[in-house]
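Novice: This is the structure, below, for whatever I ask next.
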Amino acid sequence: MTIYGLSGKSGTGKSYNAIEICARRGIPALIDDGLFIYENSVVAGISAKKQETKVGAIKTALFFDEEHAKGVKEAIGRVEPEAILVLGTSDKMVDQICQTLGLGEISEYIHIEDVTTQQQREAAKNARRGAGMHTIPAPTFELKKQFSGYFLNAKRSFKFTNRGKLGTTTDEKTIVRPTYSYLGSYEISDKVISDIAEMIIDKTEGCSQMLWTTSSNTDEGMFIRVILMCEWGAKLKTTARVLRQRVYDTVSSMTAFNVIGVEVEIRGFRAKSNVTS
């Protein structure tokens, strides 16, 4: 297994450029801020950007917690990647991570100054300072469980084919605002979820009236329960299945929450009101 190190000061664009470096050099895996990412999937680890303080984030990135380090080491052993890119704020930090995870000698150190321009690094610093924006080199859907309720925004990097045409495959990065950022987490009231569910019920065939909606949010995500009346003659299983999927899709797309489940309960039948304002 070949080990590469990518080092640079915090906020200079290491995570943002990591995927491009891996693609150019044929590196299938990377270690970044506490996560082990292999072929664009988060295999193991805890994101340092989920910690409540900067000190906690640094400890997570350095794998201070033995269980965290053990889980990542075991995952690397299972996957057995041909090469890994390890990110750190300095060569010393990269060395420390490699030592903790038992990765062995580093074959080559890559410095962010070697792969980016001064202008690009300044732009990265401004994004960090001005908006609290941090990059994780993995797709958004891979991170919603860890970052349920936090700002996530996908950024795709399109690949070019051998013929110079834009290909259909993409490498996706995710922009987040960490917990310790001044724009960390946010909450959505039950009323908002209820309003979304009521809008969907009104537009779903077979649904008559929403009775009430409840939602509970945990570290892993949000669970939603919808209780309603159906129209006479409605196919209950079909109506419930369609409504459950629409609530799941709509809440997921309209909020930053990871929806872990939607339960639909039908209490009875009622004619749908056709009154319009």
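Derivation of every value follows stated rules applied to the coordinates shown; laboratory data play no part. This is a predicted model, so every value here is computed, not measured. Heads up, the Cβs are rebuilt from the backbone with ideal geometry, glycines too, and the neighbour counts pull from every protein chain shown.
Novice: Would you please put 9-21, 231-243 in order of how densely packed they are, using the mean number of other Cβ atoms within 10 angstrom per residue and starting with the highest?
Specialist: 9-21, 231-243
Novice: Between ASN126 and VAL192, what is 0.36 nm times their sequence separation minus the Cα-Cα distance? Round to one decimal in nm.
Specialist: So the chain would gain 20.4 nm between ASN126 and VAL192.
Novice: So what are the three principal axis dimensions of the stretch 38-114 from its Cα atoms, in whole Å, longest to shortest?
Specialist: 33, 32, 23
Novice: Largest first and in whole Å, what are the equivalent-ellipsoid semi-axes of the stretch 203-264 based on the Cα gyration tensor, each being the root of 5 times an eigenvalue?
Specialist: Working from the Cα gyration tensor, I get semi-axes of 23, 11, 9 Å.
Novice: Of the listed pairs LYS191/LYS235; LYS70/LYS92; LYS14/LYS70, which have alpha-carbon separations greater than 31 Å here?
Specialist: Pairs exceeding 31 Å: none.
Novice: So what is the diffusion coefficient of the stretch 1-66 in µm² per second by Stokes-Einstein at 4 °C and 1.567 mPa s, using a Kirkwood Rh over Cα pairs?
Specialist: 102
Novice: So what J values fall out for the stretch 61-71 if you push phi through Karplus, 6.51 cos²θ - 1.76 cosθ + 1.60 with θ = phi - 60°, rounded to Hz, Gly and Pro as x?
Specialist: Each residue of the stretch 61-71 in turn: 4, 8, 6, 5, 6, 5, 5, 4, 4, 4, x Hz.
Novice: Mind listing the phi-derived Karplus ³J(HN,Hα) values for the stretch 91-101, rounded to whole Hz, using 6.51, -1.76 and 1.60 with θ = phi - 60°, and x for any glycine or proline?
Specialist: 4, 5, 5, 4, 4, 5, 4, 4, 5, 4, 8
Novice: Rounded to the nearest 5, what is the percent of antiparallel bridges among the DSSP beta bridges in the stretch 29-87?
Specialist: About 75 percent, rounded to the nearest 5.
Novice: Then there is this: Residue separation times 0.36 nm, minus the C-alpha to C-alpha distance between MET1 and ALA83: what's the value?
Specialist: So the chain would gain 29.0 nm between MET1 and ALA83.
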